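J.: If you scroll down you'll find the structure; I have some questions about it.
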Amino acid sequence: MPERPAAGERAIIVQLDFGSDDCAEQLEEVRLLARSAGADVCSEVFGRRHSPDAATYAGKGKVLEVAAEVASHKADLVIFNHELSPGQERNLERILACRVIDRTSLILDIFAQRAQSSEGKLQVELAQLDHLATRLVRGWTHLERQKGGIGLRGPGETQLETDRRLLGKRVKLLKERLSKLGRQRGVQRKARGRGDLLNVSLVGYTNAGKSTLFNALTHAGAYAANQLFATLDTTSRKLWLGEAGNIVISDTVGFIRDLPHELVAAFHATLEATAQADLLLHVVDSASMARDDQVAEVEKVLTEIGASEVQQIVVFNKQDLTGLPPAVERNEYDRITRIRLSAKSGDGLPLLREALAEIALEKLRNTRAQPLDMSLQSTL
């Protein structure tokens, strides 16, 4: 399991440009990730390459530059904002004489720190073990062959076989526990879904302001902070909308560029609630220069979890930072598609409430009309 960066651990960030247009945004994002993990970023090393180096990812010259920064700042940790192979990690650690982690390990570590519920902790541990399993298979091939010698001959397991077996048993146990929790969650969702209540899920890029909006609407007091992945555990509350009655609104984990597949798989049971919602409020940080890329990343994950067909309203949040007034946009069919607001200041929240009430009333009408339609069909 990747070691967790301790608070105040001195870190060097490495960001390489392979011809991307958003390197500045990527660098700012990894700064936030590192700070969210508790690291003290003391230096950054930037470089350009046509393709990754097979042995060290960054190439000999750039690695020597990183080594000089490590020595100069007495760094404990080097963070590559890329995905490293086990071999590249080992080679870099040998040259740099300090720990090296990649983007996936960094995100997994943040999730490990943020998880509060028992289910969240199980999901994170499963993701970490899945990540470690690739390191065992690819990284420890030198242990594959049974050694001879005094005390080492005869039947038995190699160290690699032992570790694989123990890791496999733990993964199986975690999956069984998560499956049981997933079934319980499914029963709860079905119980909610049998009524007329509109089920709404907040989705969006991490740090877009989902939890702030959730608190502004429901006064739930969910943890909200200017950091990445402040929310991991799904929280659901009822929201009263006057004539439309109650709706159920859920705050969910944020998405991010190159979200590790291990995490998407481990959090699948949690994310199922998103796919089974009646409506998604896709919260966007309208003040971010990378908002279009962030929207695309969220849409990609929604497709991966089977939620791309769920009705969606895009909520452009943080309008207090852009200076644009609150507004509602509709399409040619008079359906609400976008809302501009500020969850922090409260400007535009009444517009969102009106939009939710409109959709909740539509669901009520449709739900109550279904039995009538069936009875009409039976008489024909």
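The values are calculated or read from the model by the stated rules, or taken from the named source; none is laboratory data. Values in this document were obtained by computation on a predicted structure and should not be read as measured data. Reconstructed Cβ throughout: ideal geometry from the backbone, glycine too, with neighbour counts over all protein chains shown. Note: areas computed on protein heavy atoms with side chains; ligands, DNA, RNA excluded. Shrake-Rupley method; radii C 1.70, N 1.55, O 1.52, S 1.80 Å.
J.: Please go through segment 355-376 and pick out each residue that is at pLDDT 50 or above and of a type in the set (S, T, N, Q).
T.: The answer is Asn366, Thr367, Gln370.
J.: Right, next: Enumerate the pairs (first residue in segment 110-124 and aromatic (Phe, Trp, Tyr); second residue anywhere and surrounded by 20 or more Cβ atoms within 10 Å (Cβ to Cβ)) with beta-carbon separation below 6 Å, excluding pairs fewer than 6 apart on the same chain, so at least 6 apart or on different chains.
T.: That search, which allows pairs on different chains as well, returns Phe111/Val124.
J.: Leu259 is checked against (1) at pLDDT below 90; (2) surrounded by fewer than 17 Cβ atoms within 10 Å (Cβ to Cβ) and fails just one. What number does that condition carry?
T.: The number of the failed condition is (2).
J.: Please list, ordered by residue number, the helices (runs of 4 or more DSSP H) wholly in segment 21-106 having 1 or more residues that are within 28 Å of Asn207 (Cβ to Cβ) and open to solvent by less than 20 Å² (accessible area, probe 1.4 Å). Can you show your working first?
T.: Numbers: elements: 23-36, 60-73, 86-96.
By residue number, 23-36, 60-73.
J.: Please specify each residue of segment 218-244 satisfying the condition of being in contact with a helix residue (DSSP H, G or I) (Cβ under 7 Å, 6 or more places away or on another chain), open to solvent by less than 30 Å² (accessible area, probe 1.4 Å) and modelled with pLDDT of 80 or more.
T.: Residues satisfying the conditions are Leu239, Leu241, Ala244.
J.: Quickly run through segment 305-334 and pick out the residues that are surrounded by fewer than 16 Cβ atoms within 10 Å (Cβ to Cβ) and closer than 26 Å to Cys23 by Cβ.
T.: Leu321, Thr322
J.: Under 16 Å from Leu16 (Cβ atoms), charged (D, E, K, R) and at pLDDT 90 or above, is that true of Lys74?
T.: no
J.: Somewhere in segment 268-280, is a residue more than 14 Å from the chain's Cα centre (by Cα) and within 25 Å of Glu29 (Cβ to Cβ)?
T.: Looking through segment 268-280, at least one residue is more than 14 Å from the chain's Cα centre (by Cα) and within 25 Å of Glu29 (Cβ to Cβ).
J.: Also, I was wondering about something else. Is at least one residue of segment 281-298 touching a strand residue (DSSP E or B) at 6+ places or on another chain (Cβ under 7 Å), within 23 Å of Arg35 (Cα to Cα), polar (S, T, N, Q) and in contact (Cβ under 8 Å) with a residue 40 or more places away in the chain?
T.: Yes: one or more hits.
J.: If I ask for residues that are modelled with pLDDT of 85 or more and crowded, with 17+ Cβ neighbours inside 10 Å, which ones from segment 1-20 would you list?
T.: The answer is Glu9, Arg10, Ala11, Ile12, Ile13, Val14, Gln15, Leu16.
J.: Here is a follow-up. Leu279 is checked against (1) buried (at least 18 other Cβ atoms within 10 Å of the Cβ); (2) more than 25 Å from Val248 (Cα to Cα); (3) not β-branched (Val, Ile, Thr) and fails just one. What number does that condition carry?
T.: (2)
J.: I would also like to ask the following. Would you confirm whether any residue within segment 337-345 is modelled with pLDDT under 95, on the phi > 0 side of the Ramachandran plot and out of contact with any Cys (no Cβ under 9 Å at 6 or more places or on another chain)?
T.: Taking every residue of segment 337-345 in turn, none turns out to be modelled with pLDDT under 95, on the phi > 0 side of the Ramachandran plot and out of contact with any Cys (no Cβ under 9 Å at 6 or more places or on another chain).
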